[in-house]
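Below you'll find the structure, written out as structure tokens, and then a few comments.
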Amino acid sequence: MRIVLINHCHPATPHICATRAREFARALAARGHRVALLTETLPGASEPVPTAHDIAELLEVGGEPSPMLVACPPVRRATLRSLRAGLWPAGFQQALIVYQFVARGGMYSDWRLGGMPYARVLAQAFRPDVVWATFGNTDSWMIGRTLAKMAGCPWIADIKDFWRDFIPA
């Protein structure tokens, strides 16, 4: 089975947010499944990031490892970074959060936009049988739903955290 796992946290992140998807990907691969783990790039990493085209070429020749890490650089937006850090004045901060959810679907649209070229490549060249998206933010689910639709396969919305911890009242 070909499986795409989506988790915002890069597997090398020294935090529990990375552990679950990383170990799930390894366990699935050890059982013979072809697994791609789609994440954001590791903040502060200095090594070059493969482009979506590089991933497509790797898949074309069938030389990808399993699990295959597909780390996507976000399309950085200063507004989102400062908004997530809580740097806006009260009232304006809440209005911007509402705008991000209503107009952009979440607080990590920069990661989602950066990940979409990779999602298209995975849908076309990897052709997953299923997509599994963990909830650490709504953008992971949006990528999962979109990738699954492009690939013509089902997707699983995995809730690993409490909704109330991530979605503002």
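Amide hydrogen proximity for Trp132: with H placed 1.01 Å from N in the peptide plane, the residues at 5 or more positions away or on another chain lying under 5 Å are Val4, Leu5, Ile6, Ile156.
The angle separating the long axis of helix 138-151 from the principal Cα axis of greatest extent in the chain is about 40 degrees.
What shape does the stretch 1-50 have by the C-alpha gyration tensor, where a ≥ b ≥ c are the square roots of the eigenvalues, rounded means a/c under 1.5, and otherwise prolate means a/b greater than b/c and oblate the rest?
Values: a/c = 2.46, a/b = 1.63, b/c = 1.51.
Since a/c reaches 1.5 and a/b is larger than b/c, the shape of the stretch 1-50 is classed as prolate.
Taking all protein chains into account, the per residue accessible area for the chain stands at 53 Å² (1.4 Å probe). Cysteines of the chain lacking any other cysteine Cβ under 4.7 Å from their own Cβ: Cys72, Cys153.
Note on Ala78/Arg120: beta-carbon distance plugged into 1/(1 + (r/R0)^6) with R0 of 30 Å gives a FRET efficiency of 0.70. Near the amide H of Val75, within less than 5 Å, lie the amide hydrogens of Trp111, Leu113, Gly114, all on another chain or at least 5 residues away, with H placed in the peptide plane. The distance between label points at Ala103 and Val61 comes to 4.4 nm (points 7 Å beyond Cα on the Cα→Cβ vector).
With all pairs of different C-alpha atoms in the average, the Kirkwood value for the hydrodynamic radius of the stretch 1-95 is 15.2 Å.
Cα centroid separation, the stretch 98-125 to the stretch 32-59: 16 Å.
Under 5 Å from the amide H of Val49 lies no amide H of any residue 5 or more positions distant or on a separate chain, with H modelled from the backbone and absent for Pro and chain starts.
Between Ala157 and Ala27, what FRET efficiency comes out of the Förster formula 1/(1 + (r/R0)^6) with R0 = 30 Å and r the beta carbon distance, rounded to 0.05?
Working: r = 20 Å, r/R0 = 0.66.
The value I calculate is 0.90.
What is the percent carbon and sulfur in the accessible area of the chain, measuring with a 1.4 Å probe over the protein chains and ignoring ligands?
Numbers: 5370 of 8940 Å².
Ligands and nucleic acids excluded, carbon and sulfur reach 60 percent.
For the chain, the longest principal axis of the alpha carbon atoms and the long axis of helix 109-121 meet at an angle near 20°.
Can you work out the FRET efficiency for the pair Ala12 and Ala85, with r the C-beta to C-beta distance and R0 = 22 Å, to the nearest 0.05? After rounding, the FRET efficiency stands at 0.45.
The values are calculated or read from the model by the stated rules, or taken from the named source; none is laboratory data. Small disclaimer: the values here were computed from a predicted structure and weren't measured. So basically every Cβ, Gly included, is an ideal-geometry build from the backbone, and we count neighbours across all protein chains shown. These area figures cover heavy atoms from the full protein model, side chains too; ligands, DNA and RNA do not enter into them. Shrake-Rupley method; radii C 1.70, N 1.55, O 1.52, S 1.80 Å.
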